[in-house]
Amino acid sequence: MIVVTNSSPLVSLARINQFGLLHLLYNQICIPPAVREEVVTFGQSRPGTAEVETAQWIQVINLQNQTVVESFREQLDRGESEAIALAMELQADLLVIDEARGREVARSLGLNIVGTVGTLVQARQRELIPAVTPLLDELTIGGFRMNMQLSDSSTASG
């Protein structure tokens, strides 16, 4: 399974000490250089920095076609643009992305997406975590935003 992720899920899961769920669920994660830079260079000493820097199961992959990235730049930041472009290039099975605009663009391109909340729900379904709601509460306290419909559907899962 080929899985590409943007920076927000990496940082969010690290913030609530659930970074390893990505490895347990997907085995290996691919990220573009801009995502690594956002988390490791710009996010220095914040959640996700050490995890992304040391995780052997995260592979940084350079993009072949920068033109595609630039076509997204009017709507999205560099990390989101590169993550979507990399998912397209690799014909990824899944793109892990939280930002609403990025999700909208990815869906319009036919990419399968999940976010941080969906990752937690999958982890609960596979019995990797005991409950989703306490982790959602932690995310929200840390500044994570989600719409009420998403929150309601995820808390119904545990």
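Taken together, the values in this text are just the output of simple stated rules run on the coordinates, not laboratory data. Bear in mind the structure is a predicted one, so any value in this text is a computation, not a measurement. Note: ideal-geometry Cβ built from the backbone for every residue, glycine included; neighbour counts use all protein chains shown.
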Could you pull out every residue, at least 5 positions away or on a different chain, whose amide H is within less than 5 Å of the one on ILE129? Hs are placed 1.01 Å off N in the peptide plane, and Pro or chain starts have none. ARG124
Jot down the per residue volume, in cubic angstrom and as a whole number, of the convex hull over the alpha-carbon atoms of the stretch 1-69. 82 Å³
Given Cβ charges of +1 for Lys and Arg and -1 for Asp and Glu, the option among ASN65, GLN91, ILE2 whose Cα lies farthest towards the positive end of the dipole of the chain is ILE2
Net charge (Lys, Arg +1; Asp, Glu -1) of residues whose beta-carbon lies under 12 Å from that of PHE42, PHE42 excluded, is 0
Rounded to the nearest 20 Debye, what is the dipole magnitude of the stretch 3-155 about its Cα centre when Lys and Arg each give +1 and Asp and Glu each give -1 at the C-beta? 180 debye
Can you list the HN-Hα couplings for the stretch 40-53, worked out from phi with the Karplus curve (6.51, -1.76, 1.60; θ = phi - 60°), rounded to whole Hz and with x for Gly and Pro? 8, 7, 7, x, 2, 6, 9, x, x, 4, 5, 4, 5, 5
Let me check I have the definition right: for the chain, take the eigenvalues of the Cα gyration tensor, multiply each by 5, take square roots. What are those semi-axes in whole Å, largest first? 24, 17, 15
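Taking the Cβ of LEU63 as the centre, find all other residues whose Cβ is under 10 Å away and add up their charges (Lys, Arg: +1; Asp, Glu: -1).
-2
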